[in-house]
Amino acid sequence: MKAAEVDTDTGEMVSDKFRIKTPKPATPEAMADVVRQLTEHFSWTGPVGVGFPGVVQSGVIQTAANLDKSWIGVDGDALFTEASGCDVVMINDADAAGLAEMRFGAGEGVAGTVILLTLGTGIGSAVFTNGQLVRNTEFGHLVLDGKIAEERASSRIKEEKELSYKQWGKALEKVLEEVEKLFWPNLFILGGGISKEFDEYVEHLDDVRTPVVPAEALNRAGIVGAALAHGGGR
Ligand code: BGC
């Protein structure tokens, strides 16, 4: 779990990032204590935006694919606000990254439908139509040949199965083609740590008709976007 102070006007982080290892098991209470420690580290009392790897509706966590299942049904906004004493607003992590990319990165000024996928432990998605976010899409859970997309093409799977860029790129291509068939977007943006290696695998995405670009805000998008989410409506 990591935090930084963000200038939401410029999209820049104005402090170093501070990290604390995600507790195991990643229960609501254990993570709330980490949020408290993170805000204390910065002596922060202002607004806090938190990106969460699951569906977040009006602050309530609805899914937790890669975290402790006891999160489901918890009012995360209330829990983290209580733990930290700061006003906390939670948002899906990929939606957060998308907000940052659309405002300060690869999606800036792009009209029509833009789809950002984050490739990490899971696959997250954020859909924008003329710059407006459609919240809580879950393309990482699209089922392809009986298996969910994030079990085929997340960067975790590339590591676990020791896939080459070609093998992994072709799995990702299938996911993009499926999304393309359903949404006909104007642009795909690929985020997550592996977007740094975009040049290594872009050639294996050649059957995708839609332009595909790497995220520009890279590893700061999640934090910057979570900050943007605060006050941005739920
Ligand atoms: C979750 C998404 C999340 C993504 C990336 C998926 O397993 O269902 O909500 O955005 O992982 O963390």
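The values are calculated or read from the model by the stated rules, or taken from the named source; none is laboratory data. Source: prediction; values computed, not measured. Note: ideal-geometry Cβ built from the backbone for every residue, glycine included; neighbour counts use all protein chains shown.
Results for (1) assigned to a loop (DSSP other than H, G, I, E, B); (2) touching a Leu at 6+ places or on another chain (Cβ under 9 Å), shown as yes or no for each residue.
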site	(1), (2)
Asp77	no, no
Thr81	no, no
Ala94	no, yes
Gly107	yes, yes
Thr121	yes, no
Glu159	no, no
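Could you list, in sequence order, all residues of the stretch 64-89 that are within 15 Å of the ligand (Cβ to nearest atom) and touching a residue at least 60 places away in the same chain (Cβ under 8 Å)?
Selection gives Ala65 alone.
If you take the residues in the stretch 116-135 that are over 12 Å from the mean Cα position of the chain (by Cα) and within 16 Å of the ligand (Cβ to nearest atom), which one is surrounded by the fewest Cβ atoms within 10 Å (Cβ to Cβ)?
Ranking the qualifying residues of the stretch 116-135, first place goes to Val134.
If Val89 passes every condition in (1) modelled with pLDDT under 95; (2) more than 14 Å from the chain's Cα centre (by Cα) but one, which one does it miss?
Among (1) modelled with pLDDT under 95; (2) more than 14 Å from the chain's Cα centre (by Cα), Val89 violates only (1).
Conditions (1) hydrophobic (A, V, I, L, M, F, W, C); (2) out of contact with any helix residue (DSSP H, G or I) (no Cβ under 8 Å at 6 or more places or on another chain), marked per residue:
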{"position": "Arg36", "(1), (2)": "no, no"}
{"position": "Thr39", "(1), (2)": "no, no"}
{"position": "Ser43", "(1), (2)": "no, yes"}
{"position": "Val50", "(1), (2)": "yes, no"}
{"position": "Val60", "(1), (2)": "yes, no"}
{"position": "Thr81", "(1), (2)": "no, yes"}
{"position": "Ile91", "(1), (2)": "yes, no"}
{"position": "Leu119", "(1), (2)": "yes, no"}
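Looking only at the stretch 158-170, how many residues end up being surrounded by 18 or more Cβ atoms within 10 Å (Cβ to Cβ) and within 16 Å of the ligand (Cβ to nearest atom)?
1
Inside the stretch 32-61, can you point out the residues that are under 19 Å from the mean Cα position of the chain (by Cα) and without any contact (Cβ under 8 Å) to a residue 40 or more places away in the chain?
Gly54, Val60, Ile61
Restrict the check to the stretch 137-153 and report whether at least one residue is among the β-branched types (Val, Ile, Thr), surrounded by 17 or more Cβ atoms within 10 Å (Cβ to Cβ) and within 13 Å of the ligand (Cβ to nearest atom).
There is at least one residue in the stretch 137-153 that is among the β-branched types (Val, Ile, Thr), surrounded by 17 or more Cβ atoms within 10 Å (Cβ to Cβ) and within 13 Å of the ligand (Cβ to nearest atom).
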